[in-house]
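The values are calculated or read from the model by the stated rules, or taken from the named source; none is laboratory data. As the structure is a prediction and not an experimental result, all values here were calculated from the model. Quick reminder, even Gly has a Cβ in these numbers, built from the backbone with ideal geometry, and neighbours come from all protein chains shown.
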Amino acid sequence: MKYRLSAFTLVELMVAMMIISILGVLTMSIISATDRSSSLSNRSVEASAQARLAFDRIGIDLRGLLKRQDVNFETAVVPVASTGDALRFVSMVTSAGAAAADNRDTSVVTYRIQPNVDNASRPCLVRGAKAIRWADIGYLGVQANGLPSATFPTAYLPVYPADFDVLADGVIRMVIGFQLYPDNLPVTLADGTSLPVSYGDVVYSPPVRSDTGAVTYVDTSRISSIIVGLVTIDLTALRQADATQLQALAATFPMPDMNRLPVQSWANIANNVNLTPSSVPLSVRQALRVFERAYPMTPFGKKTSGSR
Amino acid sequence: MKTSDRPRAAFSLVEVVLALGIMAGCLLSLVALLLVGIKSNQASAEEMRAVNLLTVLEADLRNTHPAANNGKSRFFGLVLPYATNSSGFTVYNPALTVNTVSTATSTGLDENENPLPYTSLAPRPRCQASVIYTSVPAAGSFTPVQARLIVNWPATNASTPQALITMSSGSFVEVNVTFPAP
């Protein structure tokens with residue numbers, strides 16, 4: 001009898017194991033549920049971080065913008081799956097590309113969506129920057145009539161890939177919008193559209209100067225703010241799609257119409273998986289997020305006496 | 001053989017189950033910590049969205065011409081600091097009221113960031129954007145109009161600027177702006 005008392009009975013063991021397994025299953029299910037939701041929320045933060053990387057850098061570069069009528073400022077609507085700079089301007093920011101003694105922190109900065117050779121050609125946002133030599137700063141392509149050269153002097157442009165850095169892996173689409181200066185005057189856009197009055201409309205082709213003849217130049221004094229729209233996916237989803245699929249995804253986000261903001265035009269596409277190509281894995285289509293930010297350029301204020 | 005003198009060689013079943021229970025309790029409290037992390041993740045994503053929205057809201061109020069949308073801002077439909085007078089000149093909006101929350105100064109925004117009245121019940125707006133004018137100069141004065149721009153989430157039915165912040169439990173971002181004399 002006394003010998004038997006020193007050990008558990010089979011019934012005791014079974015009861016104990018039952019309780020242990022119930023507790024185990026409970027804790028495991030709680031842990032797996034929290035793990036799932038925490039990874040989802042981490043991915044959403046990751047997607048915002050991608051957008052923030054881009055927005056912060058664009059903000060720093062635009063803050064240093066050399067906003068002069070005799071310095072080039074170029075933007076272009078770049079179709080998805082082709083490469084070319086979406087935005088190109090001169091900014092007072094540091095970059096390499098000139099000898100140290102010649103480098104005075106004035107650079108040509110460009111942004112584009114480019115297949116990333118280091119990431120199986122998946123498209124992503126890259127930023128090019130190249131310092132302008134001190135000897136060239138006073139010139140910058142300006143012509144005798146006071147106008148900048150017809151297009152950016154190629155000697156100053158950053159060259160891909162040497163002068164470019166990946167800015168945000170998860171940014172697969174970018175559009176640049178322009179809010180016009182609300183001066184109630186006629187305005188012509190780079191794509192040839194003429195608006196009878198400028199009421200602070202948001203357009204996706206920049207306003208141009210009307211007094212420069214055949215060659216047109218962007219008129220930064222008639223842009224009240226620049227609006228940047230981005231489509232991002234998080235890095236987990238990025239690994240689940242190839243370059244073709246990501247380009248197909250990017251192409252489903254059209255250029256927004258005039259007086260529509262990027263997020264207004266895109267949010268329903270990003271939130272509805274039926275509107276994105278079914279060739280792309282569902283988990284990737286669910287990871288799309290859209291962002292926009294406005295940067296002041298020439299905010300409304302007294303421009304001439306008695307504005308209408 | 002003196003079995004009563006033998007030291008107890010093992011835990012009793014009750015002890016083991018109790019220990020397991022305590023361990024489970026500890027694990028659960030760790031999981032609760034994880035939830036705090038998720039909440040702060042969500043708050044940070046929402047805050048980034050709200051900060052971006054603030055920049056668009058400011059651009060919208062500053063740069064919409066009064067004639068564009070019947071004196072309201074183009075995208076958010078809020079009352080503008082400027083108006084057009086009878087001879088067609090842009091002047092300060094004479095109808096501005098200070099520290100008011102109403103449908104004229106505050107709007108809800110839906111999932112796609114389109115305006116939706118903040119009083120809407122189904123669907124409820126995702127967040128709320130407001131312009132609270134704090135200083136409006138006397139007629140003919142050239143001092144700037146001052147305003148607070150507030151984006152808070154979730155949307156509230158607040159009737160004062162203070163309630164806007166307290167009713168959304170501190171989930172808000174705000175910026176102070178001035179509008180120069182036109």
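Would you check if B:Val16 is facing chain A (nearest Cβ under 7 Å), out of contact with any strand residue (DSSP E or B) (no Cβ under 9 Å at 6 or more places or on another chain) and over 18 Å from B:Ala129 (Cβ atoms)?
Numbers: facing chain A (nearest Cβ under 7 Å): yes; out of contact with any strand residue (DSSP E or B) (no Cβ under 9 Å at 6 or more places or on another chain): yes; over 18 Å from B:Ala129 (Cβ atoms): yes.
So B:Val16 fits the description; yes.
Looking only at helices (runs of 4 or more DSSP H) that lie completely in the range A:199-308, which have at least 3 residues being under 30 Å from A:Thr188 (Cβ atoms) and at pLDDT 95 or above? Quick ask: steps written out before the conclusion?
Working: elements: A:235-239, A:243-251, A:262-271, A:282-285.
Correct list: A:262-271.
Please count how many residues of the range A:66-89 are free of Cβ contacts under 8 Å to residues at least 60 places away in the same chain and in a strand (DSSP E or B).
Matching residues across the range A:66-89 total 1.
I'm trying to understand the selection: among the residues of the range B:121-135, which are more than 17 Å from B:Glu46 (Cα to Cα) and assigned to a strand (DSSP E or B)? Walk me through how you get there before you give the answer.
Going residue by residue through the range B:121-135, those that are more than 17 Å from B:Glu46 (Cα to Cα) are B:121-123, B:131-135.
B:Val131, B:Ile132, B:Tyr133, B:Thr134, B:Ser135 - these are the residues of the range B:121-135 that are more than 17 Å from B:Glu46 (Cα to Cα) and assigned to a strand (DSSP E or B).
Please tell me if A:Arg88 is buried (at least 17 other Cβ atoms within 10 Å of the Cβ), within 25 Å of A:Ile233 (Cβ to Cβ) and modelled with pLDDT of 90 or more. Show your work before the answer.
Numbers: buried (at least 17 other Cβ atoms within 10 Å of the Cβ): yes; within 25 Å of A:Ile233 (Cβ to Cβ): no; modelled with pLDDT of 90 or more: yes.
Answer is no for this residue.
Out of (1) more than 20 Å from B:Leu54 (Cβ to Cβ); (2) surrounded by 17 or more Cβ atoms within 10 Å (Cβ to Cβ), the odd one out for A:Pro277 is which?
Result: A:Pro277 passes all but (2).
Scan the range B:86-107 for residues that are within 14 Å of chain A (Cβ to nearest Cβ) and closer than 19 Å to B:Pro180 by Cβ and report the count. If you could, list the steps in order and put the result at the bottom.
Applying the first criterion (within 14 Å of chain A (Cβ to nearest Cβ)) to the range B:86-107 yields B:86-93, B:107.
Now narrow it down to the ones that are closer than 19 Å to B:Pro180 by Cβ: B:89-93.
Residues in the range B:86-107 being within 14 Å of chain A (Cβ to nearest Cβ) and closer than 19 Å to B:Pro180 by Cβ: 5 in total.
Does A:Asp211 satisfy being under 22 Å from A:Arg112 (Cβ atoms), more than 10 Å from chain B (Cβ to nearest Cβ) and not β-branched (Val, Ile, Thr)? It would help to see each step written out before you state the result.
Numbers: under 22 Å from A:Arg112 (Cβ atoms): no; more than 10 Å from chain B (Cβ to nearest Cβ): yes; not β-branched (Val, Ile, Thr): yes.
Answer is no for this residue.
Name, by its number, the condition in (1) within 14 Å of another protein chain (Cβ to nearest Cβ); (2) in contact with a helix residue (DSSP H, G or I) (Cβ under 8 Å, 6 or more places away or on another chain) that does not hold for A:Phe178.
Exception for A:Phe178: condition (2).
Residues checked against (1) within 14 Å of chain B (Cβ to nearest Cβ); (2) under 22 Å from A:Leu65 (Cβ atoms); (3) acidic (Asp, Glu):
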site	(1), (2), (3)
A:Trp134	no, yes, no
A:Gly141	no, yes, no
A:Ala155	no, yes, no
A:Pro182	yes, yes, no
A:Leu195	yes, no, no
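Restricting to the range A:96-126, give me the number of residues that are in contact (Cβ under 8 Å) with a residue 60 or more places away in the chain and in a loop (DSSP other than H, G, I, E, B).
Selection size over the range A:96-126: 4.
Could you tell me how many of the residues in the range A:249-263 are buried (at least 18 other Cβ atoms within 10 Å of the Cβ) and not β-branched (Val, Ile, Thr)?
Residues of the range A:249-263 buried (at least 18 other Cβ atoms within 10 Å of the Cβ): A:249-250, A:252-253, A:256, A:261-263.
Among the residues that remain, those that are also not β-branched (Val, Ile, Thr) are: A:249-250, A:253, A:256, A:261-262.
Here the count works out to 6.
(1) more than 9 Å from chain A (Cβ to nearest Cβ); (2) closer than 20 Å to A:Glu292 by Cβ; (3) aromatic (Phe, Trp, Tyr): which one isn't true of B:Phe75, the others all being true?
Just one mismatch for B:Phe75, condition (1).
With of a type outside the set (D, E, K, R), in a helix (DSSP H, G or I), at the interface with another protein chain (Cβ under 9 Å from one of its Cβ atoms) and under 30 Å from A:Pro123 (Cβ atoms) as the only criterion, which of A:Ala54, A:Ala47 stands out? Show your work before the answer.
Numbers: A:Ala54 fails: at the interface with another protein chain (Cβ under 9 Å from one of its Cβ atoms).
A:Ala47 is the lone residue from the list that is of a type outside the set (D, E, K, R), in a helix (DSSP H, G or I), at the interface with another protein chain (Cβ under 9 Å from one of its Cβ atoms) and under 30 Å from A:Pro123 (Cβ atoms).
Look through B:Pro115, B:Pro81, B:Pro144 and report the one residue that is within 12 Å of chain A (Cβ to nearest Cβ), in contact with a strand residue (DSSP E or B) (Cβ under 8 Å, 6 or more places away or on another chain) and crowded, with 24+ Cβ neighbours inside 10 Å.
Working: B:Pro115 fails: crowded, with 24+ Cβ neighbours inside 10 Å; B:Pro144 fails: crowded, with 24+ Cβ neighbours inside 10 Å.
Residue meeting the stated conditions: B:Pro81.
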